[in-house]
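Read the figures in this text as sums done on the coordinates, not as results from a lab. In this text the structure is predicted, and so the values were computed from the model without any measurement. Cβ placement follows ideal geometry from the backbone for every residue including glycine, while neighbour counts extend to all protein chains displayed.
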Amino acid sequence: MLQKLLFLSDQGYRDFKAAVRANVLVNLSFMAPIIVMNLVIMEILKPFVGGAVDYARLWSYAGIGLVLVIAMYCANRYEYGKTYVAAYAAAAEKRIAVAEQLRRLPLSFFNQKDLTELTTNLMADCTNIEHTFSHLFPQLAGNIITIAGVTVLLCLYDWQMALAIFGTLPLSFLILFGSRSLQRRIGERHVAAKLKSAEQSQEYLEGIKVIKAFGLSGEKFTSLDRALRDFMKQSIRLEAIVGSFVVSAIVILRFGLTAAIFVGVHRLSGGRLDLVKFVVFLIVGSGIYTSLSTIMTMFGEIFYTLISLDRMKALQAQPLMEGDAGIALERFHIAFDRVSFGYNQDEVIRDASFTIPQGKVTALVGPSGSGKSTVARLVARFWDVSRGGARIGDRNIREIDPEHLLSYIAIVFQDVVLFNDTVYNNIRIGNPDAGEDRVIAAARMAQCDGFIRRMPQGYQTLIGENGCTLSGGERQRISIARALLKNAPIVLLDEATASLDPENEAEIQTAISNLIKGRTVVVIAHRLRTVAAADQIIVLDRGQVVEQGRHAELMERDGLYARLYRIQQESLGWAI
Ligand SMILES: Nc1ncnc2c1ncn2[C@@H]1O[C@H](COP(=O)(O)OP(=O)(O)OP(=O)(O)O)[C@@H](O)[C@H]1O
């Protein structure tokens, strides 16, 4: 129950309980010297109440003091291991769990979310939560347990003095908890401003080339400047308002000490309290106020963290795409039966029916925005169709676990994503189990081997963030090598729109020919002359299948395909 409430993993909850125990131990180890100090003070004050100082006893107190210092050191070491170390381990574990969750979410989720917000979820929210629950919360629980114990002892010792010391405590907590919803509202605004400034900074840095090229530095910088200033304003507000509630609660709490002095002096002068008891209350009381003040500051922090916790819970509650991971596909023709789909309310695929035969090349063509890429995304189950049925072999795509489905599909995207790693590892992403010989064979078939060997460290050369040190054609060929290495029965190929120089283009065509041999291929074709040889051409217009057939048939029909083909042929003759 508590584990669920605190949103902790099994290991995190075990660490949490150990951390609470460790904190109680540390607090007790800090309380013990106070007791010894009281004994010392009582001994030293003896001459004032008609007694004599027992020096042997004072020496034994000094010995006990030394033992306690060693015990405090050990208790602190134990606490360190249980809270700090456990907190970092749990934070790493939680981040991996979030990354795993993000991997399994449908792409529709990413359509609605900003990347900066997800990064914040992954990094900052996890840190906040783990810091609070593996670190702050145990300290808080440990402090509360210790204070409760000391309070009981003080009540037994002298309940009137104890009442005076803790008299203002309810009012302090009332201020702290009564202002909770206001604190939360301010915290939420602060989080929103933090996200906005992170988003603006990221956009500014990512778009720096365009900003420079178009002289947008003033305009773009203004929005970044505004976001950062707003963040500063919200941070000051948070500190000022939330801080003032916490400080007020602490000040009111400390009035208790004044009350205790008044009550103590009054009772002392009436002979109803002895001096030693009075001093004990003043010393223990100040110690307790320090712990209570820490608790109140911690509550302020915890209220703020609850915002991160809610964001994390919302992320974890996102429905995942379900499916059977045990389905073994044996046939690979693809069939769309009256499929409709929209990324939002507007349908971009409308009532589309067609069959893509196994082992053949099918080209999807149509004007820009007609839905070609969307069809490929539906085949790969990046999204689920809204109506109708999409099948591979004799299985509905919806029934198949998305990751399992992708093990049958190799995708070559137009916008190639490369990682800041070696060329070798970038190719091996296609099949992490493949050995060196297979990686090199795939690179050869994808016409990459030559340029890779000319690089300074060959296959072990680092290629920079998103392969920034490579040309467009080289990036394309690396992505083809990945797909070749995957050796999947279905290939989805999004043809590059950027025009390549003739040598690059010829090499890419050879790489593609190697990739598609004997497989079920769906090519999103932008240059129609490259699809003239396809086994089947499906022509889309505004999400509907308007024509279907081979090149010659479609040219004869003289419809949309023939028109698009002629326009492209004419544009080939254009010159600047
Ligand atoms: N992630 C998305 N969220 C919302 N709408 C989208 C998204 N992706 C595409 N669309 C819209 O869906 C429609 C079809 O887009 P799609 O990318 O499938 O067309 P396309 O034929 O591949 O275009 P192009 O040839 O220009 O790449 C377009 O109107 C596009 O604006």
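Ellipsoid fit via the Cα gyration tensor, region 200-340: semi-axes of 61, 30, 11 Å, each the root of five times an eigenvalue, largest first.
Helical runs (DSSP H, four residues minimum) scored at -39500 (n - 2.57) apiece and divided by the length of the chain put the mean residue ellipticity at 222 nm at -19500 deg cm²/dmol. Calculated translational diffusion coefficient of region 334-572 (10 °C, 1.306 mPa s; Stokes-Einstein with Kirkwood radius over alpha-carbon pairs) equals 85 µm²/s.
Extension gain for S223-K313 works out to 29.3 nm (0.36 nm per residue, less the C-alpha to C-alpha distance).
Entry for region 357-497 at q = 0.09, 0.11, 0.13, 0.18 Å⁻¹: log10 I(q)/I(0) = -0.31, -0.46, -0.63, -1.06, Debye formula applied to identical alpha-carbon scatterers, no solvent contribution.
Dipole size of the chain about its Cα centre, with +1 on Lys/Arg Cβ and -1 on Asp/Glu Cβ: approximately 1160 debye, rounded to the nearest 20. Per residue, the convex hull spanned by the Cα atoms of region 317-432 measures out at 159 cubic angstrom.
Model label points for N487 and R454, set 7 angstrom from Cα along the Cα-to-Cβ axis, are 3.0 nm apart. Pairs of Cα atoms in region 9-316 fall into 20 Å distance bins, from 0 up to the last occupied one, in shares of 24, 46, 23, 7, 0 percent.
How many percent of Cα pairs in region 136-178 exceed 15 Å? All intermediate terms of the calculation are to be shown ahead of the outcome.
Values: 503 of 903 pairs.
Within region 136-178, distances greater than 15 Å cover 56 percent of Cα pairs.
To the nearest ten degrees, helix 217-237 and the longest principal axis of the Cα atoms of the chain are 30 degrees apart. Binning the C-alpha pair distances of region 236-291 at 5 Å intervals from 0 yields a P(r) profile of 4, 18, 21, 17, 12, 10, 7, 6, 4, 2, 0 %, listed from the shortest bin outward.
Every Cα-Cα pair in region 409-478 was counted, and those over 14 Å apart are 55% of them.
Starting with the highest mean, order 36-44, 61-69 by the number of other Cβ atoms within 10 Å, averaged over the residues of each peptide.
Values: 36-44: 15.2, 61-69: 12.6.
Sorting 36-44, 61-69 by mean packing, highest first, produces 36-44, 61-69.
Summary of packing: across the peptides 149-159, 186-196, the per-residue average of other C-beta atoms within 10 Å ranks them, highest first, as 186-196, 149-159.
Taking amide H as placed 1.01 Å from N in the peptide plane, T461 has its amide H under 5 Å from the amide H of V423, Y424, each at least 5 places away in sequence or on another chain.
Farthest toward the positive end of the dipole of the chain, out of S513, I236, N344, is the Cα of I236, where the dipole comes from beta carbon charges about the Cα centre. Here, the chain yields an orientationally averaged convex hull projection of 37.3 nm² when only Cα atoms define the hull.
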